[in-house]
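What follows is a single structure, written as structure tokens, with notes after it.
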Amino acid sequence: MDYGLTRNCNLKKLLGVLCFLQALSFGRLQKNLHTINGVLDRSVVLPCGEIDTSYIFVWTVLLRGTVDFFPVARKDHVYVEAASLGSVSLRGTTLVIDQLQSGAEGQYTCIAFKEEPVITASTVYINLTVLVPVAKPSLQIDEQTPVEGMSVRMTCTVEFGTGPVTYVWQRYSRTEGTFTIQEGADQVLVLSPVTRFHTAFYFCTVRNVVNEETSGWLQLDVIYGPDVPVITIKPYAISENGFAANELEEVTLNCSASSNPPSFYTWYYNNSEMVSSQMYVIPKISRSQTGEYTCLAKNVYRNTGTKMSISLTVYYLPEGSPTCTALPRNNYRNVALWCSWVGGLPLAQLYWQLPSEEDIVIVSNSNATLVKSGTEIVNGTTYVCTISHPALKRDINCATKVVRPAGMPNCSAVATKLNEFIMLTCDWAGGLPRITLEWNNNEIGDLKESSNIYVFKPDRTYNGKLFTCTALHPMIPQPAECHIRLESPTLDSPSLETSILEGNSAQLICNLKQAIPSSEITWYDNLNKEIITDSQKYGILKEQGLSALTVRETSWNTDSGFYRCMASNAVGNTSVLIRLNVNKYPTPPNVTISKLLYSRQRTEVDVEWLTKGTGDLTGFMVQRQASVRSSRSIPVIKRSVRMVSWDTVANYIDPQIRGQKLGGLDPSIVYAFRILAVNHKTTGFPSEVKTPADPPDNVYPAAIGAGFAGMVVATVASLLVFQYIARNRERNPRLHDLFFRPAPEESRENIRNPEDAETAADNEEEATTSQDPSPAADAPAQDPVVPAAPGDSGVPLSQLSVADLPDDAPVNVTITVTATP
């Protein structure tokens, strides 16, 4: 049926009905009106409501500014006039407009109706508003480089966009980042008066209900300055007349005056122009450069300038810093207090101030020396040397504290790499004067302060040799000594033999007794190979003379044997052998395969097994061996195969399990299987090798099922036939009498032929027609019409082939079932 036309109504009549319905409903248009907003050049969806398939619907529109409705679409058809609205399509009863145009605004009406004795209609009214996104705004500034104090006006212009439009004014600078100035409907920003703090990048953002856009950046560069210059000096020092500097120092004068554009700087020394730069660097200032320094700052844009002057005085001090110390004198019996600071102009004045005397004793200029007996000095006494100089703000003190070193001398010996040399060290830090150290009464090495190191090439004859270090100090009446004896290392072990079960970790321990020079323990495995660092197999723990070797995941056939720990130094070496016995776990019980069957596709195998005998076990493993057939012929028992190695296809099977299903088999390959019991690391004897058997063929259940299904189908068909004959006695009296009432043999008629069945069907159709009183019965018979494209009248179905029919064309199918008992 063509939904565009009813049987007794053409398009004009249809539109007339729609206009009539619209006129009837126009009085309640505002009451039922829906409002939908669409966006220009985007998609909008206009729903028609919920109606069933028996309705015919039509979309019309009353465009804004017009007085007439015009059709947009009807069921399965969009009118050409709708192209001005955008790309219009139907999605069921819903009207979809892609690439929405601005002229599509208006009132859309969807009328759905069906023809009954009384016309029933459903009407939906939609007011469509087309929203326009705002365009990218443009920013204008009447003066981008104003002078501080002027007024600046900025304007943000938008070409198009649905109102209301909001304007957001923002600025960006390095100091404050992005900052919002104002937000509202005002597209003009006025800065009055403009200051230097308004210097920044400005931009405006506009937005409406659809979107927002941001303008480009414009810089506002405010002209100002220069302010009064500020002069800084490095290094910073103050004198009575201004700033001070030490001779030969690098002095940096820096002038800064806030200005835009930046100031142009000129430096003057005693009214003589020196350099045109913001910074004036004097690499090595001298006394002749004492005077007045002036900085002039200019703003060339405004032709204005300011200046600032300072006074700089150069002082000359002795080089370096004053030195105060205590030194041994007179064969380590006296202490000389010595203070020195040579040079300077004028010379520095130095004098020692004794703690027990109130008078100040002036010794000399530039240096001062005071000698005192070591036995008379109280341990920890501080002596102060006072220094005065015109270049100093105040006198400075140089102090030294005479201290007897605490403790005793400490002797040690270490060997260099590969034990090529031995280094004897005698240390006694602290004290003033510094302690003096000697080895073996100065028979070897030299006299040195605080630390005396003697290096020599050793041999095994030095084992047990004694070395003595003597310490000399004015405050120690009797010299102090320390001794060191060279010894080779000694090793022992708490256990020289260790036994464990396979798979566990073993720990072997060696203890090193203190040796001089010190040494470290080195481990060697059962193959006499050095174990250098920790690894997955070995771990080494060392602490306080103890070294522990851990052998992980031990195996009875590779890890049993003698392990050696060895220690050596420059005067000897020693080693200890430790035996490791790795025992196997008891052999688990034997296994036999009780079941081994292929699946029907030969891609899986089901295997079951039994254990024989007693013994501990921790699991099972299943191994598979594949062999490639030598030919593609039907497999027989005696066929040549090429065997390959055993692959473990299932491992760590729980010891309580006695079966496993294995997949991933190739039907074209012959497989053999065997089972092994496992007790920790010990594997039992493999079971017998078996090849999977094919599953037995069992057709009997399928045959019974097929026969039962055939009987059920035949019984149902027979019942349907008998029911049809009983209900249609008048139409088929002969067939009814054949089954339910015997008739004379001459009056019977054979209706088992297909021609008789067709005749009976024609009679049934005539009877049905005679009972239908509808007007369509009087109309001449016509071929069904296949709907064509909009505007075509259609083609009779009898004139089309199957290839001409559309994909969704309805097809009548007649199915005849014949049941044979």
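The values are calculated or read from the model by the stated rules, or taken from the named source; none is laboratory data. Owing to the predicted nature of the structure, the values given are computational and were not obtained by experimental measurement. Positions of Cβ are backbone-derived with ideal geometry, glycine not excepted, and every protein chain shown enters the neighbour counts. SASA here: full protein model, heavy atoms, side chains in, ligands and nucleic acids out. Shrake-Rupley method; radii C 1.70, N 1.55, O 1.52, S 1.80 Å.
Among 255, 208, 220, which residue has its Cα furthest toward the positive end of the charge dipole of the stretch 203-266, with +1 on Lys/Arg Cβ and -1 on Asp/Glu Cβ?
Final value for the positive-end residue is 208.
From the square roots a ≥ b ≥ c of the eigenvalues of the alpha-carbon gyration tensor of the stretch 401-455, which class results: rounded (a/c under 1.5), prolate (a/b over b/c), or oblate?
Prolate, since a/c reaches 1.5 and a/b exceeds b/c.
What three numbers, in Å, describe the spread of the alpha carbons of the stretch 191-341 along their principal axes, ordered from the longest?
Projected onto the principal axes, the Cα atoms of the stretch 191-341 cover 101, 47, 23 Å.
Across bins of 10 angstrom width beginning at 0, how are the C-alpha pair distances of the stretch 91-203 distributed, in whole percent?
10, 27, 19, 13, 12, 9, 6, 3, 1
What does the accessible area of residue 543 come to, in Å² to the nearest 10, when a probe of 1.4 Å is used?
Here the accessible area works out near 110 Å².
Once the stretch 205-267 is represented by equal point scatterers at the alpha-carbon sites, with solvent omitted, what log10 I(q)/I(0) does the Debye formula produce at q = 0.21, 0.26, 0.28 Å⁻¹?
So the normalised log intensities work out to -0.93, -1.10, -1.16.
With the contact rule set at Cα under 8 Å and sequence spacing of 6 or more, what percent relative contact order holds for the stretch 144-293?
19
What is the set of long-range amide H partners of residue 501 at a cut-off below 5 Å, with H atoms built 1.01 Å from backbone N?
583
DSSP loop trypsin sites (Lys or Arg not before Pro) in the stretch 143-227 with at most 13 other Cβ atoms within 10 Å of their Cβ, which ones?
In loop regions of the stretch 143-227 (DSSP not H, G, I, E or B), the sparsely surrounded trypsin sites (Lys or Arg not before Pro) are 174.
Largest first and to the nearest Å, give the Cα extent of the stretch 358-427 along each principal axis.
Each principal axis gives a Cα extent; for the stretch 358-427 these are 61, 33, 18 Å.
Roughly speaking, what % of Cα-Cα pairs in the stretch 176-230 are separated by over 18 Å, rounded to a whole number? The partial results should precede the final answer.
Values: 687 of 1485 pairs.
In whole percent, the share of Cα-Cα pairs in the stretch 176-230 beyond 18 Å is 46.
Accessible area of residue 408, 1.4 Å probe, to the nearest 10 Å²?
In the full protein context, residue 408 sits at about 110 Å².
Give me the 1.4 Å probe accessible area per residue for the stretch 325-467, excluding ligands and nucleic acids, in Å².
Roughly 56 Å² per residue, with all protein chains present.
Quantify how much of the Cα-Cα distance distribution of the stretch 517-622 extends past 16 Å, in percent.
Counting every Cα pair in the stretch 517-622, those more than 16 Å apart make up 72 percent.
Give the value in nm², to one decimal: projected area of the alpha carbon convex hull of the stretch 479-518, averaged over all directions.
Orientation-averaged projected area of the Cα hull: 4.4 nm².
Hey, what do the phi angles of the stretch 410-423 turn into as Karplus ³J(HN,Hα) couplings, whole Hz, using 6.51/-1.76/1.60 and θ = phi - 60°, x for Gly and Pro?
10, 10, 8, 9, 9, 9, 6, 4, 6, 6, 6, 9, 10, 10
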